[in-house]
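In what follows, a structure is listed as structure tokens, so that the remarks can point back to it.
Just so it is clear, none of the values below were taken in a lab; they were calculated from the coordinates. Quick caveat, the model's predicted, so the values are computed rather than measured. Glycine also receives a Cβ, built like all others from the backbone with ideal geometry; neighbour counts cover every protein chain displayed.
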Amino acid sequence: MKREFEKTIQHIKSQAEHTERQIKQQFEKLHQFLRDEEEATISALREEEEQKKQMMEKKLEEINSLISALSHSIKDTEEMMKASDVCFLKEFPVSMERVQIS
């Protein structure tokens, strides 16, 4: 009976070790899956960040171009105002049209 109990204890110990190895393997697979998902998600985030940054830089360039065009229109208008009232009044509709297009 004693030998049977010892064999049973050894069998229980063996089963526990085997089960522990399986659990560790499964958790290692899960950890690897999570690491892969983290890497993919961060990569997608960086790609989205780059796209949005490029879009905003393009819009900033457009705004700078508009600001430059408006500055030129303002300077032209100021020059016309300095020249004479008649010249300014003649050119005013054209100037307004340029500003509205911008």
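Observations, loosely collected:
- Hits among aspartates and glutamates - C-alpha to C-alpha of LYS75 under 18 Å, sequence gap 8 or more where chains match: ASP85, GLU91, GLU97
- Using a Förster distance of 30 Å, the FRET efficiency for GLU50-GLN22 (Cβ separation, nearest 0.05): 0.10
- Taking label points 7 Å from Cα along the Cα-to-Cβ direction, THR41 and LYS59 give a separation of 2.7 nm.
- Coupling constants for region 44-60 follow from the phi torsions by the Karplus curve (6.51 cos²θ - 1.76 cosθ + 1.60, θ = phi - 60°), and in residue order they are 5, 4, 5, 5, 5, 4, 5, 4, 5, 5, 5, 4, 5, 5, 5, 5, 5 Hz; glycine and proline get x.
- LYS13-PHE33 FRET efficiency (beta carbon distance; Förster radius 41 Å; 0.05 resolution): 0.85
- Here the 3J(HN,Hα) profile of region 16-26, calculated from phi with Karplus coefficients 6.51, -1.76 and 1.60 at θ = phi - 60°, is 5, 5, 4, 5, 4, 4, 5, 4, 4, 5, 5 Hz, Gly and Pro shown as x.
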